[in-house]
Amino acid sequence: MTDRNAVRRGYDALAEDYQRARGESEHDERRLDSLAERLPTDARVLDAGCGDGRPVSTRLGEHDVDVVSLDFSRSQLSLASEHLSTESLVQGDMASLPFDDDSFDAVCAFGSFIHIPKSEHEAVLREFERVLEPDGWLLFTTGCSNWEGRNPDWLESGVAMEWDILGVDETHDLLEGVGFSVEGTWVFADELDDGNEDSKFPLVLAQVAET
């Protein structure tokens, strides 16, 4: 099982390496543009696991969307402050979001949910559902297949990183079980893709289902 504290320590240590390695993605930007078109004019969005603010916070900001950027890594938030207003940055944990019910019109989690231990996936999805408005949207990264692993020298940084991933079908089942309706899934090669199927991280779009 993934050690979430190890993930936090890892991102604290390699934040700048990750920032340099991760480029822009037209696929991510198109999906975010499409999400922005679905939102009300006064939308508020949570970027859960924001990293340095790209692509979610920066891209949605271009659409004049009010984005709250959350990460549990202080180093990542420090990098995000170079692009974003410090008032929009929050240090916190996806498993226990520091926000009221119905606070957001959408939640995005790009490259962050895949580090959550599988035993906590359902609880985190329930947290996302809790903070979303009725009919709110969730756009997040999952995996193609069920996999967990550790790289002791990720990005040749000398720093270890861990992942804990459910496949698409299991993720869809979890989403429906906690009250979401899956609207679409897109599989793209990640910018850090090494050609392995386990390095492909689909984006899933879901909406809070009508009750």
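The values are calculated or read from the model by the stated rules, or taken from the named source; none is laboratory data. Keep in mind the model is a prediction, meaning the values are calculated, not measured. Neighbour counts are summed over all protein chains in view; Cβ atoms, including those assigned to glycine, are modelled from backbone coordinates with ideal geometry. Accessible surface is based on the protein model in full, side chains and every heavy atom, while ligands, DNA and RNA are left aside. Shrake-Rupley method; radii C 1.70, N 1.55, O 1.52, S 1.80 Å.
Would segment 165-186 turn up any residue that is part of a loop (DSSP other than H, G, I, E, B) and either among the β-branched types (V, I, T) or farther than 17 Å from V204 by Cα (or both)? If you could, list the steps in order and put the result at the bottom.
Taking segment 165-186 as the starting set, the residues that turn out to be part of a loop (DSSP other than H, G, I, E, B) are 166-167, 179.
Now restrict to residues that are either among the β-branched types (V, I, T) or farther than 17 Å from V204 by Cα (or both): none.
Scanning segment 165-186 turns up no residue that is part of a loop (DSSP other than H, G, I, E, B) and either among the β-branched types (V, I, T) or farther than 17 Å from V204 by Cα (or both).
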Contact list, first residue from segment 91-102 and of a type outside the set (F, W, Y), second anywhere and part of a loop (DSSP other than H, G, I, E, B) and surrounded by 13 or more Cβ atoms within 10 Å (Cβ to Cβ), beta-carbon distance below 7 Å, six or more apart or interchain, is Q91/F72; G92/F72; D93/F72; M94/G49; M94/S112; M94/I116; P98/G92
Residue by residue through segment 116-139, note down the ones that are within 30 Å of N151 (Cα to Cα), crowded, with 23+ Cβ neighbours inside 10 Å and either out of contact with any Cys (no Cβ under 6 Å at 6 or more places or on another chain) or of a type in the set (V, I, T) (or both). I116, V124, L125, F128, L138
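Do we find a residue being in contact (Cβ under 8 Å) with a residue 12 or more places away in the chain, open to solvent by 40 Å² or more (accessible area, probe 1.4 Å) and not in a helix (DSSP H, G or I) anywhere in segment 5-20? Talk me through it step by step, then tell me what you get.
Within segment 5-20, the first condition is being in contact (Cβ under 8 Å) with a residue 12 or more places away in the chain, and the residues that meet it are 6-8, 10-19.
Keeping just the survivors that are open to solvent by 40 Å² or more (accessible area, probe 1.4 Å) gives 8, 12-13, 16-17, 19.
So of that shortlist, the ones also not in a helix (DSSP H, G or I) come out as none.
Checking segment 5-20: not a single residue is in contact (Cβ under 8 Å) with a residue 12 or more places away in the chain, open to solvent by 40 Å² or more (accessible area, probe 1.4 Å) and not in a helix (DSSP H, G or I).
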Among the listed residues L46, L97, which satisfies the condition of being among the aliphatic types (A, V, I, L, M), surrounded by 15 or more Cβ atoms within 10 Å (Cβ to Cβ), modelled with pLDDT of 95 or more and over 12 Å from the mean Cα position of the chain (by Cα)? L97
Give me the residue from segment 52-89 that is assigned to a loop (DSSP other than H, G, I, E, B), of a type in the set (G, A, S) and open to solvent by 10 Å² or more (accessible area, probe 1.4 Å) and, out of that set, modelled with the highest pLDDT. S81
List the number of the failed condition for D102; all other conditions in (1) part of a loop (DSSP other than H, G, I, E, B); (2) more than 18 Å from A209 (Cβ to Cβ) hold. (2)
